[in-house]
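K.L.:
Okay, handing you the structure first.
The values are calculated or read from the model by the stated rules, or taken from the named source; none is laboratory data. Quick caveat, the model's predicted, so the values are computed rather than measured. Note: ideal-geometry Cβ built from the backbone for every residue, glycine included; neighbour counts use all protein chains shown. The protein model used for the area step is the full one, side chains on, heavy atoms only, and it has no ligands, DNA or RNA in it. Shrake-Rupley method; radii C 1.70, N 1.55, O 1.52, S 1.80 Å.
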Amino acid sequence: SLASTAITCFTRGLDLRKETEDVLCPANCPLWQFYVFGDGVYASLSSICGAAIHSGVITSAGGAVRVQTLPGQENYPAVNANGIQSQVLTRWASSFSVTRTQNTALEAVGRSVSTARPSTGKRPKKPLDKKAGNKDCKADIAFLIDGSYNIGQRRFNLQKNFVGKVAVMLGIGTEGPHVGVVQASEHPKIEFYLKNFTAAKEVLFAIKELGFRGGNSNTGKALKHTAQKFFSLENGARKGIPKIIVVFLDGWPSDDLEEAGIVAREFGVNVFIVSVAKPTTEELGMVQDIAFVDKAVCRNNGFFSYQMPTWFGTTKYVKPLVQKLCSHEQMLCSKTCYNSVNIGFLVDGSSSIGDSNFRLVLEFISNVAKAFEISDIGSKIAAVQFTYDQRTEFSFTDYTTKEKVLSAIRNIRYMSGGTATGDAISFTTRNVFGPVKEGPNKNFLVVLTDGQSYDDVRGPAAAAQKAGITVFSVGVAWAPLDDLKDMASEPRESHTFFTREFTGLEQMVPDIIRGICKDFLDSKQ
């Protein structure tokens, strides 16, 4: 067999086409994001790399994996292994298993493919002079072109010409914008990635070569696929550069764009829609959702939608579109819950917890913190420990990298004492959130306690919420539900968590992360 295919953290068993396939998992996939169903035999809905780590075939350092397609089955079990909690699934139509790749030479080949230099252009690199491109335009762009029967072969070629002109005017270069193309038809096809070309000439050539696919215009499916798969670091996306998808739509989509729009916003992608030949009054009856543009764009504020009457004479539309794509202060969707929140952890250090359980609490905080992009311009983490007294372990401005935050969490020393949760909330609101109150990030407080507070929690929690802090309460063991509900933000059900045992904290991690992201998105709408 040939070299292994490089896949992403999110590639699922059902995304592969062959019975047996050798794949290469990237390093450092975030474990909490993995959806894995089963143990040994995994439902094909599972992430391949997640299953491979779960079963011990690879570690989070990535590596080569052989995937074998198997028939579906019933009752995939939930098992916690190697840092991944797999989930139960009653039945699924197909499965897969993962084993180590037999041949180590394979790994080297696959490895060299996935870490190839950004230019896999046909010609050797010329010296870097005008190769830098337009440095003022910071953008990683996917052009999602329409390859459906709606547009037809002839207009497809006109569309390619237009995209080519936009690509040239953008000023593509090593330090300028990078672009890739995805074709939407029945099934989406990524034609080339951001990393494949860094010169306008190469991009123009690649666009010319694109073949028309035909099929329904499943733009929603293609948009979702692009948002999830296209912008990974291994495919050439750059940290801190706005991610943009420009969707070209001739007429209207055959499927629904709403869910894809939500996914794109969650992934921090700015979606533009360029609609050509809008449906006429007679045609509107055939359109599933008349508001398809509003549902898909990053924000429904006029900036992200663009209209052209036909594919003929489009030259005058090139420059205004390029200007939009290059105005990176307008890219409102680059802010995501992962890079735009402050999370303060308020940790109970009372004597009923004990040393070993306190370690589990710290592990829980680490696992939540790990999910976020911590930096001086990104998300920030703080921690306070309390008994009758409070101690700021570290504040939002103390550490601006994930490594430093995680090491600071590991070094928290257990205090042991009483429980005055209300006082501790007031202390944290004032001293930890006070200094960042005017900042751009959304503020969250996660309160963790194992028992009844000696003071009132309701007043301090209400004051925290009034100060713009969303409160999640996490109770263990003897923590009374009434206290937990009194502290939590509305709707209280989704902001209150409880487990009998400290070992149950681990299962809550994804739910807390999802809760924070949901609140973040709701606050932006």
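K.L.:
Residues to consider are 373, 393, 329; find the one that is open to solvent by 10 Å² or more (accessible area, probe 1.4 Å) and over 30 Å from residue 172 (Cβ atoms).
P.N.:
393
K.L.:
Does residue 393 satisfy the criteria of being acidic (Asp, Glu), in a strand (DSSP E or B) and closer than 16 Å to residue 342 by Cβ?
P.N.:
Values: acidic (Asp, Glu): yes; in a strand (DSSP E or B): yes; closer than 16 Å to residue 342 by Cβ: yes.
In short, yes.
K.L.:
State the number of residues belonging to segment 60-75 that are at pLDDT 90 or above and surrounded by fewer than 17 Cβ atoms within 10 Å (Cβ to Cβ).
P.N.:
Number satisfying all stated conditions: 2.
K.L.:
Test each condition in (1) at pLDDT 85 or above; (2) part of a loop (DSSP other than H, G, I, E, B); (3) within 26 Å of residue 12 (Cα to Cα) for residue 134 and report the one that comes out false.
P.N.:
The one condition residue 134 does not meet is (3).
K.L.:
Among the residues in segment 389-399, are any out of contact with any helix residue (DSSP H, G or I) (no Cβ under 9 Å at 6 or more places or on another chain), in contact (Cβ under 8 Å) with a residue 40 or more places away in the chain and hydrophobic (A, V, I, L, M, F, W, C)?
P.N.:
no
K.L.:
Specify which of the listed residues (116, 108, 78) is open to solvent by less than 70 Å² (accessible area, probe 1.4 Å), more than 26 Å from the chain's Cα centre (by Cα) and either of a type in the set (Ser, Thr, Tyr) or modelled with pLDDT under 90 (or both). Walk me through how you get there before you give the answer.
P.N.:
Details: 116 fails: more than 26 Å from the chain's Cα centre (by Cα); 78 fails: more than 26 Å from the chain's Cα centre (by Cα).
Residue meeting the stated conditions: 108.
K.L.:
With at pLDDT below 90 and of a type in the set (Ser, Thr, Tyr) as the only criterion, which of 198, 226 stands out? I'd like the intermediate steps shown before the answer.
P.N.:
Details: 226 fails: at pLDDT below 90.
None of the others qualify; the one that does is 198.
K.L.:
Let me ask you something else. Report, by residue number, each residue of segment 229-279 that is among the acidic types (Asp, Glu) and at pLDDT 95 or above. Don't jump to the end; show me each part of the working.
P.N.:
In the first step, residues of segment 229-279 are kept if they are among the acidic types (Asp, Glu); the result is 234, 250, 255-256, 258-259, 266.
The answer is none; no residue qualifies.
K.L.:
Sticking with this structure for a sec: Please enumerate the residues belonging to segment 435-461 that are within 29 Å of the chain's Cα centre (by Cα) and in a helix (DSSP H, G or I). Walk me through how you get there before you give the answer.
P.N.:
Applying the first criterion (within 29 Å of the chain's Cα centre (by Cα)) to segment 435-461 yields 435-448.
Once the filter is applied, which keeps residues that are within 29 Å of the chain's Cα centre (by Cα) and in a helix (DSSP H, G or I), segment 435-461 yields 435, 436.
K.L.:
Still on this structure, please answer the following. Assess whether residue 192 counts as being more than 28 Å from residue 524 (Cβ to Cβ) and modelled with pLDDT of 90 or more.
P.N.:
Taking the combined requirement at face value, the residue satisfies it.
K.L.:
With the structure loaded, tell me whether residue 505 is within 22 Å of residue 361 (Cβ to Cβ), open to solvent by 30 Å² or more (accessible area, probe 1.4 Å) and either in the same structural domain as residue 451 (by the TED database) or in contact (Cβ under 8 Å) with a residue 40 or more places away in the chain (or both) or whether it fails that test. Don't jump to the end; show me each part of the working.
P.N.:
Details: within 22 Å of residue 361 (Cβ to Cβ): yes; open to solvent by 30 Å² or more (accessible area, probe 1.4 Å): no; either in the same structural domain as residue 451 (by the TED database) or in contact (Cβ under 8 Å) with a residue 40 or more places away in the chain (or both): yes.
No; evaluated as a whole, the condition is false for this residue.
K.L.:
Further question on the same structure: Please indicate, with yes or no, whether at least one residue in segment 339-349 is open to solvent by 10 Å² or more (accessible area, probe 1.4 Å), over 21 Å from residue 147 (Cβ atoms) and modelled with pLDDT under 90. Explain how you work it out, then say what you get.
P.N.:
First pass over segment 339-349, keeping only residues open to solvent by 10 Å² or more (accessible area, probe 1.4 Å): 339.
Within this subset, residues satisfying the condition of being over 21 Å from residue 147 (Cβ atoms) are 339.
Okay, now just the ones that are also modelled with pLDDT under 90, so 339.
So far as segment 339-349 goes, yes, one or more of its residues are open to solvent by 10 Å² or more (accessible area, probe 1.4 Å), over 21 Å from residue 147 (Cβ atoms) and modelled with pLDDT under 90.
K.L.:
In the set 431, 441, which member is more than 20 Å from residue 362 (Cα to Cα) and at pLDDT below 95? Full working, then the answer.
P.N.:
Values: 431 fails: at pLDDT below 95.
Testing whether each residue is more than 20 Å from residue 362 (Cα to Cα) and at pLDDT below 95 leaves just 441.
K.L.:
Return the residue satisfying two criteria in turn: it lies in segment 494-525 and is farther than 18 Å from residue 359 by Cα and of a type in the set (D, E, K, R), and of such residues it is nearest to the chain's Cα centre (by Cα).
P.N.:
Once the filter is applied, the top-ranked residue is 514.
K.L.:
Can I ask one more? Within segment 280-296, which residues are touching a helix residue (DSSP H, G or I) at 6+ places or on another chain (Cβ under 7 Å) and either at pLDDT 80 or above or in a helix (DSSP H, G or I) (or both)?
P.N.:
Correct list: 295, 296.
K.L.:
From (1) within 22 Å of residue 170 (Cβ to Cβ); (2) in the same structural domain as residue 413 (by the TED database), pick out the condition that doesn't hold for residue 358.
P.N.:
Evaluating residue 358 over (1) within 22 Å of residue 170 (Cβ to Cβ); (2) in the same structural domain as residue 413 (by the TED database) leaves (1) as the failure.
K.L.:
Do we have residue 490 as among the acidic types (Asp, Glu), part of a helix (DSSP H, G or I) and within 26 Å of the chain's Cα centre (by Cα) here? Break it down stepwise before answering.
P.N.:
Values: among the acidic types (Asp, Glu): yes; part of a helix (DSSP H, G or I): no; within 26 Å of the chain's Cα centre (by Cα): yes.
No; evaluated as a whole, the condition is false for this residue.
K.L.:
Among 23, 36, which is the only one that is in contact (Cβ under 8 Å) with a residue 12 or more places away in the chain, open to solvent by less than 50 Å² (accessible area, probe 1.4 Å) and farther than 26 Å from residue 510 by Cα? Before you say what the answer is, go through the steps one by one.
P.N.:
Details: 36 fails: farther than 26 Å from residue 510 by Cα.
Only one candidate qualifies: 23.
K.L.:
Still on this model: Would you confirm whether any residue within segment 300-310 is modelled with pLDDT under 90, open to solvent by 40 Å² or more (accessible area, probe 1.4 Å), within 24 Å of residue 221 (Cα to Cα) and in contact with a helix residue (DSSP H, G or I) (Cβ under 7 Å, 6 or more places away or on another chain)?
P.N.:
yes
K.L.:
Please work out which one of (1) more than 25 Å from residue 523 (Cβ to Cβ); (2) touching a Leu at 6+ places or on another chain (Cβ under 7 Å) is the condition residue 298 fails and give its number.
P.N.:
Looking at each condition in turn, residue 298 falls short on (1).
K.L.:
Quick one: residue 324 ticks every box in (1) at pLDDT 85 or above; (2) not in a helix (DSSP H, G or I) bar one, so which box is it?
P.N.:
Residue 324 satisfies all of (1) at pLDDT 85 or above; (2) not in a helix (DSSP H, G or I) except (2).
K.L.:
Looking only at segment 127-183, filter to residues that are of a type in the set (Phe, Trp, Tyr) and in contact (Cβ under 8 Å) with a residue 60 or more places away in the chain; which one of those is most open to solvent (accessible area, probe 1.4 Å)? Lay out the reasoning, then the answer.
P.N.:
So in segment 127-183, the residues of a type in the set (Phe, Trp, Tyr) come out as 143, 149, 156, 162.
If we keep only those that are in contact (Cβ under 8 Å) with a residue 60 or more places away in the chain too, we end up with 143, 149, 162.
Numbers: 143: 1, 149: 166, 162: 1 Å².
So the residue we want is 149.
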